[in-house]
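The values are calculated or read from the model by the stated rules, or taken from the named source; none is laboratory data. Computed from a predicted model, the values in this text were never measured in an experiment. Note that each Cβ is placed from the backbone with ideal geometry, even for glycine, and that neighbours are counted across all protein chains shown.
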Amino acid sequence: MSEENGYVHLETDELGISTITFFHPQSNSLPSFLLNKLAQTIKDAGLDNKTKVIKLQSGGNRTFCAGASFDELQSIENIDEGIAFFSGFAKVINAARKCPKLIIGRVQGKAVGGGVGMASAVDYCFATKYASVKLSELAIGIGPFVVGPAVQRKVGLSAMSTLAIDATSWYSAEWAKEKGLYASIYDTTEEMDEAVQKLCCKLALSHESATLKLKKIFWEGTENWDNLLTERAKISGELILSSYSKDAIKKIKGK
């Protein structure tokens, strides 16, 4: 498939900083093939001895990730297709969770739905002041079932439920920082990138056994997520087949 339809790139520098970049021309929304490739790339980087720390970012300047591909959501015709699609986000979150290397997130712009889930699944997240967040799933007749555990783990049940219930409102990057999703926010992408690079360089020189053990502690209590997120994918896979969801997606795409 042509990279014009989206890509996932992995580059590792001499320090062992592995940068994973994903991109899709529709505001970095993610179809199945990109979700699967992203999950596999995270897994591969984690198993590479040359990798000391991982930086996860998206291409472009305006949007970090617009979540699920509406084109693919609209094309889902049966429960198996629905489960397969939503399992893609589960694979990415679980790949990040089980990755033996620390993952640093770089969020340059808005994050929607699955994009919020991805920002929640990294171990430390930088953002710009433009990186507002929204869990829009309820507005299309489903819910943030797959990404919900990752978001809740990061910001708590109260903040996650606020995002999930008020599904059409944007919440500012400052709000997301106050809730713990972002560790730091910056006025410009350049300032953020400087801070990201500085931390990644420090982590690349850290004791690998120490960072591995630290990551395991961070993710304690999530050992059941392989099964949990699969079950959540089934819920979304069923709901996306409803006439409500089909009509809601059609209206949004028609705007």
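Given the structure, is residue 229 modelled with pLDDT of 95 or more, over 25 Å from residue 62 (Cα atoms) and crowded, with 17+ Cβ neighbours inside 10 Å?
Values: modelled with pLDDT of 95 or more: yes; over 25 Å from residue 62 (Cα atoms): yes; crowded, with 17+ Cβ neighbours inside 10 Å: yes.
When the stated conditions are applied, residue 229 passes them.
Residue 171 - would you say it is crowded, with 17+ Cβ neighbours inside 10 Å, closer than 20 Å to residue 67 by Cα and at pLDDT 95 or above?
When the stated conditions are applied, residue 171 passes them.
Within region 146-165, is there a residue that is touching an Asp or Glu at 6+ places or on another chain (Cβ under 7 Å) and either without any contact (Cβ under 8 Å) to a residue 60 or more places away in the chain or within 17 Å of residue 231 (Cβ to Cβ) (or both)?
Taking every residue of region 146-165 in turn, none turns out to be touching an Asp or Glu at 6+ places or on another chain (Cβ under 7 Å) and either without any contact (Cβ under 8 Å) to a residue 60 or more places away in the chain or within 17 Å of residue 231 (Cβ to Cβ) (or both).
Kindly provide the set of residues from region 83-92 that are farther than 16 Å from residue 8 by Cα and either crowded, with 22+ Cβ neighbours inside 10 Å or of a type in the set (Gly, Ala, Ser) (or both), ordered by number.
Answer for region 83-92, where residues must be farther than 16 Å from residue 8 by Cα and either crowded, with 22+ Cβ neighbours inside 10 Å or of a type in the set (Gly, Ala, Ser) (or both): 84, 85, 86, 87, 90.
Of all residues in region 198-244, how many are closer than 30 Å to residue 50 by Cβ and free of Cβ contacts under 8 Å to residues at least 40 places away in the same chain? First the steps, then the outcome.
Keep residues of region 198-244 that are closer than 30 Å to residue 50 by Cβ, which gives 198-220, 222-223, 225-226, 229.
Checking the rest, the ones that are also free of Cβ contacts under 8 Å to residues at least 40 places away in the same chain come to 198, 202, 207, 209-210, 213, 216-217, 220, 223.
Summing the residues that are closer than 30 Å to residue 50 by Cβ and free of Cβ contacts under 8 Å to residues at least 40 places away in the same chain in region 198-244 gives 10.
Checking the structure you have, find out if any residue of region 106-126 is modelled with pLDDT under 95 and either surrounded by fewer than 20 Cβ atoms within 10 Å (Cβ to Cβ) or aliphatic (A, V, I, L, M) (or both).
no
Among the residues in region 193-216, are any under 17 Å from the mean Cα position of the chain (by Cα), of a type outside the set (Gly, Ala, Ser) and surrounded by fewer than 19 Cβ atoms within 10 Å (Cβ to Cβ)?
no
Pull up region 148-161, narrow it to residues that are in contact with a Leu (Cβ under 9 Å, 6 or more places away or on another chain) and farther than 16 Å from residue 221 by Cα, then point me to the one that is surrounded by the fewest Cβ atoms within 10 Å (Cβ to Cβ).
159
Given the conditions (1) farther than 14 Å from residue 218 by Cα; (2) assigned to a helix (DSSP H, G or I); (3) among the small types (Gly, Ala, Ser), which single one is not true for residue 120?
(1)
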